[in-house]
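K.L.:
Have a look at this one.
The values are calculated or read from the model by the stated rules, or taken from the named source; none is laboratory data. Treat the numbers as computed from the prediction; the structure is a model and nothing was measured. Cβ placement follows ideal geometry from the backbone for every residue including glycine, while neighbour counts extend to all protein chains displayed.
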Amino acid sequence: MKKVLLVALTSLPLFAHAGLFDAVTDAVSDTTKEMALGAADSYTNEAVQKALGIKEGVSTRASIKEKFGEPASTGKEEQLELWYYDMANLSESSPTLAQTGKALVPELDKKQVVIRFEGETVKSLRVVDKA
């Protein structure tokens, strides 16, 4: 009886530590996945921006409109103006983006490019899912 009690008492902390270890492992795995997805998104945004020839702080509203036409829609975020373009439509007008898009964005018809303007110049660009 004493041996069973001794085994039970010494095993209990091990099981508790195993649960803690699993929780820590899961948290680290989730964080790693989020970081990897964030890096992939950043790379995709930069690749699309380069393929379209858009430069932050340099490209203007007028040059974007001249190159790609009217945006599919517009919006506001804080004090920034947002222009939304369908990724598939942009790919038709840009062979470089068509190739880049196929490699990085598997479902072009479900994505859009959001160009954020600060004043008259481009502040940033990002690829997002269509709403």
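K.L.:
For L37, all conditions in the list (1) exposed (fewer than 12 other Cβ atoms within 10 Å of the Cβ); (2) part of a helix (DSSP H, G or I); (3) at pLDDT 85 or above hold save one; what is the number of the exception?
P.N.:
With respect to (1) exposed (fewer than 12 other Cβ atoms within 10 Å of the Cβ); (2) part of a helix (DSSP H, G or I); (3) at pLDDT 85 or above, L37 is out only on (3).
K.L.:
Okay, moving on. Got a number for residues in the range 98-125 being at pLDDT 75 or above, of a type in the set (A, V, I, L, M, F, W, C) and touching a helix residue (DSSP H, G or I) at 6+ places or on another chain (Cβ under 9 Å)?
P.N.:
5
K.L.:
Now for a different question. Check every one of the helices (runs of 4 or more DSSP H) wholly within the range 52-131 and list those with 3 or more residues that are acidic (D, E).
P.N.:
none
K.L.:
Now for a different question. Pairs please, first residue from the range 45-60 and of a type in the set (S, T, N, Q), second anywhere and part of a strand (DSSP E or B) and surrounded by 19 or more Cβ atoms within 10 Å (Cβ to Cβ), Cβ atoms under 7 Å, 6+ apart in sequence or on different chains.
P.N.:
N45/L125; N45/V127; Q49/L125; S59/V122
K.L.:
While we're looking at this one, here's another question. Can you name the residue in the range 43-86 that is within 15 Å of V114 (Cβ to Cβ), among the hydrophobic types (A, V, I, L, M, F, W, C) and in contact with a strand residue (DSSP E or B) (Cβ under 7 Å, 6 or more places away or on another chain) and is also modelled with the lowest pLDDT among such residues?
P.N.:
Of everything passing the filter in the range 43-86, V48 is modelled with the lowest pLDDT.
K.L.:
Still on this model: Just to be sure, is S42 assigned to a helix (DSSP H, G or I), more than 19 Å from the chain's Cα centre (by Cα) and small (G, A, S)?
P.N.:
It is false that S42 is assigned to a helix (DSSP H, G or I), more than 19 Å from the chain's Cα centre (by Cα) and small (G, A, S).
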